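A short worksheet on the structure shown next.
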Amino acid sequence: MLPAVEAESLILKLVQPLSAERDRQIVLLPAALGRILATTVTSHLDFPHWDNSAMDGYAVRYSDVLHCTTEKPVTLEIVEEIPAGQPPQKVIQPGQAARILTGSMLPVGTDSVVMQEQTQRQGDRVTVLRAPEPESFVRHRASFYQANSPLLAAGIKLNGPEIAVLAAAQCTEIPVYRRPKVAILSTGDELVEPDQALEPGQIVDSNQYALAALLSLAGAEPTRLGIVPDRPSALKAAIAQAVTQADMVLSSGGVSVGDYDYVDRILQELGAELHIRAVAVKPGKPLTVATFGAQTAANMQEQLETASSPTLYPARQVLYFGLPGNPVSALVSFWRFVEPALRKLSGLSSHWRPVITAARSQRELKSGGLRETYLWGQLRAEPTGFSFLPAGGSYSSGNLINLAQSNALAIIPIGKTQIMAGETVQVMVTHRPLT
Ligand code: AMP
Ligand code: MG
């Protein structure tokens, strides 16, 4: 059994990210939200585009007003008014000023802005009551960004601020990575669809829907391939289909040591390389991680020569996660191991690992101490820092009911059996913290 951090590192090493050239698509600006930028964006514009005023006031020549005080004010002639959106028409001479509004272009000849509150106006004259700082309230051209330098780096996620920057830079067609394709299948003779009548002994395949939902939230394109019975031939056909059509495959169930747990065997029969078969976490111990190598000229030739070769070579490397069937285990494994892999696969250049923060536990937390234990509950942002409130009820890997409304997993390290109420615990964020 591999410790969780080692499993995480190994999985991240196995991931081959989408290619910035082959897996790039162009989307219109409003559709770019949440996508990963595939190319570094530069702009031919400086920001600000020109020297402009940060205040409503008067554009002046600093040398005219540097000595003025309330006792010795300086009066200037207002020769122009510059509303926002219009270029100045005049060059300001000594003894002159221009009325200026926030964002307006600074007229030639001026170098400072006096805020309105420090002036008195009489018709076309303005009296400056206090000397401004040199270059006060002037936003200089290119002081925020210099044209043709990198504006947004490839591999970042586009959120609101980045959309604003792209809009301001007049980028309307955005190169982004395509969404990773992830195929999902559920294994188990006991499973039925949510709209099917339940016979005794059957349960609904909730994993398929939960995983599809989490994948969509993570920016992937999930395909639900449905329920596969615990029959090796059916499972083999379903896995082969999944592997040929996706970048990543998630199956749930059939990876522990039961009589009907065929997933690992079939992966091997299909020529996958198995890297992980169990991780020292609770819940989520049975976890299979495998890779299918990409089709190459050499392996194509090999397949032609040995027509009976069962080895499956997809067009690109496919990462396979055989998740445990228990509903909580499946989701904990998703958050802990699949999501980081997905982030790297999607083209994100950093921040692949989960967000883990310290929080004060509001209740006593218990663990068997033999495996790293994840207890679900609510991470809350309090004025004094984060707190963690464990979900009430039973911590069973089969209890998905109290998983609802949780947004975090407290992590109890191997060797520790108890965290007292009020003690600090490491907490992994699965959704935005509650307040
Ligand atoms: P398995 O890993 O196949 O032995 O499954 C472990 C437990 O998880 C069993 O009780 C299954 O009934 C349950 N289970 C397996 N697959 C699913 C699924 N897709 N949705 C909900 N529960 C499942
Ligand atoms: Mg099963």
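Separation of the stretch 50-78 and the stretch 85-130, taken as the distance between their Cα centroids, equals 7 angstrom.
Solvent exposure of the stretch 356-429, expressed per residue, is 49 Å² of accessible area, with all protein chains present and a 1.4 angstrom probe.
Comparing Val165, Val113, Val182 in a Gaussian network model of the chain where C-alpha atoms under 10 Å apart are linked, the largest mean-square fluctuation is found at Val113. Rolling a 1.4 Å probe over the protein heavy atoms leaves Phe337 with an accessible area of roughly 10 Å². Annotation: extensible slack from Glu71 through Ser233 equals 48.7 nm (criterion: 0.36 nm per residue apart, minus Cα-Cα distance).
How much of the accessible area of the chain, in percent, comes from carbon and sulfur atoms when a 1.4 Å probe is used?
Roughly 53 percent of what the probe reaches on the chain is carbon or sulfur.
Assuming charge only on the beta carbon of Lys and Arg (+1) and of Asp and Glu (-1), the dipole of the stretch 52-139 about its Cα centre is about 60 debye to the nearest 20. Within the same chain, lysines fewer than 8 places from Lys416 are excluded, and of the rest, those with a Cα less than 24 Å from its Cα are Lys282, Lys285, Lys366. Here the spin labels are modelled as points 7 Å beyond Cα on the Cα-Cβ line, and at Gln362 and Arg130 they lie 4.8 nm apart.
When +1 charges are put on Lys and Arg Cβ atoms and -1 charges on Asp and Glu Cβ atoms, the dipole computed for the chain relative to its Cα centre reaches about 520 debye.
Treating r as the C-beta distance of Ala147 and Val355 and R0 as 30 Å, the FRET efficiency rounds to 0.25.
Shape class of the stretch 114-161 from the alpha-carbon gyration tensor: prolate, with a/c at 1.5 or above and a/b greater than b/c.
Per residue, the convex hull around the alpha carbon atoms of the chain comes to 204 Å³. Whole-Hz Karplus values for the stretch 326-339 come out as 4, x, 6, 4, 4, 6, 4, 4, 4, 5, 6, 10, 6, 4 Hz, taken residue by residue from phi with 6.51 cos²θ - 1.76 cosθ + 1.60 and θ = phi - 60°; glycine and proline positions read x. Here the extension length gained between Ser63 and Glu173 equals 34.9 nm, from 0.36 nm per residue of separation less the Cα-Cα distance.
Rolling a 1.4 Å probe over the protein chains gives Glu364 an accessible area of about 90 Å².
Quick check on the stretch 57-99: take the gyration tensor over C-alpha atoms, sort the square-rooted eigenvalues as a ≥ b ≥ c, and tell me if it's rounded (a/c under 1.5), prolate or oblate. Cα axes put the stretch 57-99 in the prolate bin. Descending by average beta-carbon neighbour count within 10 Å, the peptides 341-350, 170-179 line up as 341-350, 170-179, the highest first.
For the stretch 373-390, putting each phi into the Karplus relation 6.51 cos²θ - 1.76 cosθ + 1.60 with θ = phi - 60° gives couplings of 10, 10, 10, 8, x, 10, 8, 10, 8, 9, x, 8, x, 7, 10, 10, 10, x Hz, in residue order, rounded to whole numbers and with x for Gly and Pro.
Taking the alpha carbon gyration tensor of the stretch 52-139, multiplying each eigenvalue by 5 and rooting it gives semi-axes of 18, 13, 11 Å, largest first.
For the stretch 289-435, the equivalent ellipsoid derived from the Cα gyration tensor has semi-axes of 40, 17, 12 Å, listed largest first. Between Phe386, Leu270, Val243, the Cα set farthest toward the positive side of the dipole of the chain (charges on each charged residue's Cβ, about the Cα centre) is that of Phe386. The shape of the stretch 356-429 comes out oblate: with a ≥ b ≥ c from the C-alpha gyration tensor, a/c is at least 1.5 while a/b does not beat b/c. How much accessible surface does Val355 have with a 1.4 Å probe, in Å² rounded to 10? Rounded to the nearest 10, that gives 90 Å². Rolling a 1.4 Å probe across the protein heavy atoms gives the stretch 122-218 an accessible surface of 53 Å² per residue.
The values are calculated or read from the model by the stated rules, or taken from the named source; none is laboratory data. Model, not experiment: these values are computed from the prediction. So basically every Cβ, Gly included, is an ideal-geometry build from the backbone, and we count neighbours across all protein chains shown. Just the protein is used for accessible areas: all its heavy atoms, side chains included, with ligands, DNA and RNA removed. Shrake-Rupley method; radii C 1.70, N 1.55, O 1.52, S 1.80 Å.
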